[in-house]
């Protein structure tokens, strides 16, 4: 070292160290912001204004925005298509993991991060594709709730599935099958919803209309089936629908 000159590698090392510290601070700040947001959304202005009466943090803001924008199926369509983005990412990482598995010929030699990501995606898909069997006429009938239901329901019937679910949920409260005051339109909404959720679970079977599908049942009680569908839909919402989507 001459005239107090610092070797280039020492300067580069210190610069990299400063960069790493800066990146760590940013990561820590983002993590803290995420944790703070999670706590706030669970405790600040929580109201039952979400789909199917679900609780939503910052309820006043959600209500204001919902009333401002109204219901637009285009937004649901956009978010449905955006849902393909993580699927594409999943396929890319899956392809990378498969290449490593073929090249290294041992599952445990695949990068651990890719293995963990694969496990995560499997769990997400498991909870995303929720199905439920409901007994009708003494036989189990499978229904499915997924993030695609709002778009399918809106395209087929021109109505908002969230609004219809809340309307039906309110309509059957404090009512019994023996003393029902439901109108024909409420029953039609229920049958349309059940038909879409059944069709989602049976894509290989095709019916032209809910009426054609309903012909196979002797009884189809809204008081027995709708609570089950609402429960299934509520489970799906907890895992797939963002809190601000009303």
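The values are calculated or read from the model by the stated rules, or taken from the named source; none is laboratory data. The shown structure was predicted, so the numbers you read here are calculated from the model rather than taken from an experiment. Cβ: placed from backbone, ideal geometry, glycine included. Neighbour counts: every protein chain shown.
Can you find a residue that is on the phi > 0 side of the Ramachandran plot, modelled with pLDDT of 85 or more and either in contact with a helix residue (DSSP H, G or I) (Cβ under 8 Å, 6 or more places away or on another chain) or exposed (fewer than 13 other Cβ atoms within 10 Å of the Cβ) (or both) anywhere in segment 154-176?
Yes, there is a match, as at least one residue in segment 154-176 is on the phi > 0 side of the Ramachandran plot, modelled with pLDDT of 85 or more and either in contact with a helix residue (DSSP H, G or I) (Cβ under 8 Å, 6 or more places away or on another chain) or exposed (fewer than 13 other Cβ atoms within 10 Å of the Cβ) (or both).
Within 20 Å of residue 164 (Cβ to Cβ) and part of a loop (DSSP other than H, G, I, E, B): which single residue out of 185, 220 fits that description?
Selected residue: 220, the only one of 185, 220 that is within 20 Å of residue 164 (Cβ to Cβ) and part of a loop (DSSP other than H, G, I, E, B).
If the Cβ limit is 6 Å and pairs must be 6+ apart or interchain, which residue in segment 206-226 that is free of Cβ contacts under 8 Å to residues at least 40 places away in the same chain pairs with which residue that is assigned to a helix (DSSP H, G or I)?
From residues that are free of Cβ contacts under 8 Å to residues at least 40 places away in the same chain, the pairs are 207/213; 210/191; 210/192; 210/195; 213/195.
Select from segment 52-79 the residues that are modelled with pLDDT of 80 or more and either over 20 Å from the mean Cα position of the chain (by Cα) or assigned to a helix (DSSP H, G or I) (or both) and list them in ascending order.
Residues satisfying the conditions are 59, 60, 61, 62, 63, 64, 65, 67, 68, 78.
Just checking, how many residues over segment 113-147 are under 20 Å from the mean Cα position of the chain (by Cα), farther than 18 Å from residue 230 by Cβ and outside any helix (DSSP H, G or I)?
1
Residue by residue, here is whether (1) in a loop (DSSP other than H, G, I, E, B); (2) touching a strand residue (DSSP E or B) at 6+ places or on another chain (Cβ under 8 Å); (3) more than 30 Å from residue 57 (Cα to Cα); (4) modelled with pLDDT under 70 holds:
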| residue | (1), (2), (3), (4) |
| --- | --- |
| 10 | no, no, yes, yes |
| 13 | no, no, yes, yes |
| 21 | no, no, yes, no |
| 27 | no, no, no, no |
| 30 | no, no, no, no |
| 34 | no, no, no, no |
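With (1) farther than 30 Å from residue 226 by Cβ; (2) touching a residue at least 40 places away in the same chain (Cβ under 8 Å) as the list, and residue 150 as the residue in question, which single condition is left unmet?
Only one criterion in (1) farther than 30 Å from residue 226 by Cβ; (2) touching a residue at least 40 places away in the same chain (Cβ under 8 Å) is unmet by residue 150, namely (1).
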